[in-house]
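> Encoded as structure tokens, here's the structure I'll be asking about.
Nothing in this text is a laboratory measurement; each read-out follows from the coordinates by a stated rule. All figures in this text were calculated on a predicted structure; none of them were measured in a lab. Positions of Cβ are backbone-derived with ideal geometry, glycine not excepted, and every protein chain shown enters the neighbour counts.
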Amino acid sequence: MLTVREEKIPLREDEEGVIYVGEARVTLDCVVEMFEHGASPEEIAEEYDSLELADIYAVLTYYLRHREEVTRYLADQGAHSEEASKPFDAAFPNRLKESSFVPETGASCENRGV
């Protein structure tokens, strides 16, 4: 007989309110962003080898069941990130932003300590 157990969603929040997947330094927004751009859970696991495939599936299931709430969180994080970077951007202009450089999928997430 199969025993059905409750599983904890592999998400954790740091002191600044940033949500990470599993024990890795990969943020929820990185996983959701890749998924929304068409990446499969296996492709996400390939990109972030510190993540367990089962954790990716669990997080994506959570996202799909709570899409509105997660979307609000992501929008808040984006606004917070943009606001927090203004003083730094003013002090240290980034000439790459002004060029035609376009990062590969996941590159923006790699800059967040992943």
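> Given a Förster distance of 22 angstrom, what is the FRET efficiency for Ser40 paired with Met1, based on the Cβ-Cβ distance and rounded to 0.05? If you can, show how the numbers build up before the last one.
Working: r = 32 Å, r/R0 = 1.47.
Approximately 0.10, to the nearest 0.05.
> Quick one: Karplus J couplings for region 4-15, per residue in order, coefficients 6.51, -1.76, 1.60, θ = phi - 60°, nearest Hz, x for Gly and Pro?
Result, rounded to whole Hz: 8, 10, 6, 10, 6, 5, x, 10, 9, 10, 8, 5.
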